[in-house]
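Trainee: Let me give you the structure first, and then I'll get to my questions.
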Amino acid sequence: MTRGRTSLFAVAAGAAVGNLYWAQPLLDLIARDLHASPATAGWLVTATQLGYTAGIVLIVPLGDVLDRRRLIPVTMLCSSAALAACALAPSIGVLLIAITSLGLTTVSGQLLTPLAGDLADDSDRGRVVGTVSSGILIGILVSRTVSGLVAGTAGWRAIYAAAAAAVVVCAVLLYRTIPPLAPKTHMAYPALIASVARVVARERAVQWTLVLGAAGFAMFTMFWTSLTFLLAAPPFNYPVSVIGLFGLAGLAGAVTAQRAGRLHDRGWSLPATGAAWALVLAAFAVAAFAGHSVVLILIVVVVLDIALQAIGILNRLRVFAVSPGARSRLNTAYMTSNFIGGTIGSAAATVLWSAGRWTAITTAGMVLSCFALTLWAAGRRGALTVTEPR
């Protein structure tokens, strides 16, 4: 993994995952153009996420049994076709079908990450995987801003057309860059999908790490969902356009967190994870006093993103170290647990906000942080230790 190849993987992975978020700031615009209700347009986000979840479960495990030099570009070309269908959709019904297909096929970022781990040297794997993971995070954060800017000048269809062209370029470059790779294992497709659960069931370190990963992503979605409520209410009363800009503060976290991979390379993965969880606890403690201060909120956003993204990268690297021959399936398990945690976090944010507003959110964040720190302390010399890859 040269620096050029690593950078290409990061850009391509970020572009792929960014496709999931083009519609989020455009729902009202799409609803008006296609003569649909806002409630119906809101299903576009849900359909994309449902398709993406299905793609992670049904497509990503194929990275362990197929030549990824072909699998990844083919997957990207399919997502380009889905993007083109979104750009040309004549009705909200057609757009819902197209955007579900987009979610299903835009999983190349989750194929590139374990591939980067396979191609990297043992001494450099953390840096490489950290860089690619940061590319995904940056793609998520930037996509919302880019979507609004492009749609404001050229219409919402232009963003999907431009994304379709960009994905084709990435597919061609990746086909030329990825070396031919023999499949890591051979098994029938039903057995492959079933083996995801078996790999998790036999590895205690994976089980504990999946719980920590789900807790971290639950806190991430809980914080960002409730932050929207906070900034839209008094004393801030910010419009949606201003609230969206707070996401850019998370770029600092995404860029800084890639350094966490270097800590893994030096053998400091578990100590660094514990330090990051302590930082999460401190961030939520500060957030408890930030309900009336935009400066404190920005500090919390940056610190929390740095800590949670570092935890995510270190978790994924330890999971990858368990079984090099099953990294795509392990990535499927890790992302699925994250999605479960994220769904719980979003739902909890709504309930907690109704019950106790910002105080309830920050209290829940501190409680979850203490739970994660306790789990980390209990497992750092046993269950969370990856001793010998198999």
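The values are calculated or read from the model by the stated rules, or taken from the named source; none is laboratory data. Note that the structure is a prediction, hence the values are computed from the model and not measured. Note that we place each Cβ from the backbone using ideal geometry, even for glycine, and neighbour counts take in every protein chain shown. The accessibility values were calculated without ligands, DNA or RNA, using every heavy atom of the protein model including side chains. Shrake-Rupley method; radii C 1.70, N 1.55, O 1.52, S 1.80 Å.
Trainee: Specify which of the listed residues (Leu71, Leu66) is in a helix (DSSP H, G or I) and either of a type in the set (A, V, I, L, M) or touching a residue at least 24 places away in the same chain (Cβ under 8 Å) (or both).
Mentor: Details: Leu66 fails: in a helix (DSSP H, G or I).
When all the criteria are applied, what remains is Leu71.
Trainee: Would you be able to say whether some residue in the range 109-132 is hydroxyl-bearing (Ser, Thr, Tyr) and modelled with pLDDT of 90 or more?
Mentor: Taking the range 109-132 and keeping what is hydroxyl-bearing (Ser, Thr, Tyr), we get 113, 123, 131.
Keeping just the survivors that are modelled with pLDDT of 90 or more gives 113.
Within the range 109-132, one or more residues are hydroxyl-bearing (Ser, Thr, Tyr) and modelled with pLDDT of 90 or more.
Trainee: Can you tell me which residue in the range 36-63 is modelled with the highest pLDDT, limited to those that are outside any helix (DSSP H, G or I) and either surrounded by fewer than 16 Cβ atoms within 10 Å (Cβ to Cβ) or more than 19 Å from the chain's Cα centre (by Cα) (or both)? Full working, then the answer.
Mentor: From the range 36-63, those outside any helix (DSSP H, G or I) are 36-37, 59; that's our starting set.
Cutting the leftovers down to either surrounded by fewer than 16 Cβ atoms within 10 Å (Cβ to Cβ) or more than 19 Å from the chain's Cα centre (by Cα) (or both) gives us 36-37.
Values: Ala36: 87, Ser37: 84.
By that ranking, first place goes to Ala36.
Trainee: Another question about this same structure. Ser147 - would you say it is assigned to a helix (DSSP H, G or I) and touching a Leu at 6+ places or on another chain (Cβ under 7 Å)? I'd like the intermediate steps shown before the answer.
Mentor: Details: assigned to a helix (DSSP H, G or I): yes; touching a Leu at 6+ places or on another chain (Cβ under 7 Å): yes.
Yes: the conditions hold for Ser147.
Trainee: Which residues, taken from the range 319-356, are within 19 Å of the chain's Cα centre (by Cα) and open to solvent by 50 Å² or more (accessible area, probe 1.4 Å)?
Mentor: Ile340, Thr343, Ile344, Ala347
Trainee: Looking only at the range 17-26, how many residues end up being in contact with a Gly (Cβ under 6 Å, 6 or more places away or on another chain) and either among the β-branched types (Val, Ile, Thr) or within 20 Å of Ser101 (Cβ to Cβ) (or both)?
Mentor: Within the range 17-26, residues that are in contact with a Gly (Cβ under 6 Å, 6 or more places away or on another chain) and either among the β-branched types (Val, Ile, Thr) or within 20 Å of Ser101 (Cβ to Cβ) (or both) number 2.
Trainee: Condition first: part of a helix (DSSP H, G or I) and among the charged types (D, E, K, R). Now tell me which residues in the range 252-297 satisfy that.
Mentor: Within the range 252-297, Arg262, Asp265 qualify.
Trainee: Give the residue that is most open to solvent (accessible area, probe 1.4 Å), with candidates limited to residues of the range 184-211 that are assigned to a loop (DSSP other than H, G, I, E, B) and farther than 26 Å from Leu8 by Cβ. Outline the logic, then answer.
Mentor: Initially, the range 184-211 is screened for residues assigned to a loop (DSSP other than H, G, I, E, B), giving 184-188, 203.
Next cut, farther than 26 Å from Leu8 by Cβ only: 185-188, 203.
Working: Thr185: 34, His186: 153, Met187: 70, Ala188: 62, Glu203: 15 Å².
Step by step, filter the range 184-211, then rank; the result is His186.
Trainee: Any residue at all in the range 357-366 that's under 23 Å from the mean Cα position of the chain (by Cα), under 17 Å from Thr273 (Cα atoms) and open to solvent by 50 Å² or more (accessible area, probe 1.4 Å)?
Mentor: So far as the range 357-366 goes, yes, one or more of its residues are under 23 Å from the mean Cα position of the chain (by Cα), under 17 Å from Thr273 (Cα atoms) and open to solvent by 50 Å² or more (accessible area, probe 1.4 Å).
Trainee: Quick check: is even one residue across the range 330-343 in contact with a His (Cβ under 9 Å, 6 or more places away or on another chain), within 20 Å of Arg68 (Cα to Cα) and not acidic (Asp, Glu)?
Mentor: Step one: of the range 330-343, the residues in contact with a His (Cβ under 9 Å, 6 or more places away or on another chain) are none.
Checked the range 330-343: no residue is in contact with a His (Cβ under 9 Å, 6 or more places away or on another chain), within 20 Å of Arg68 (Cα to Cα) and not acidic (Asp, Glu).
Trainee: Test Leu181 against the criterion of being open to solvent by 20 Å² or more (accessible area, probe 1.4 Å), modelled with pLDDT under 85, outside any helix (DSSP H, G or I) and over 18 Å from Arg316 (Cβ atoms), and give yes or no.
Mentor: Working: open to solvent by 20 Å² or more (accessible area, probe 1.4 Å): yes; modelled with pLDDT under 85: yes; outside any helix (DSSP H, G or I): yes; over 18 Å from Arg316 (Cβ atoms): yes.
Criteria met by Leu181.
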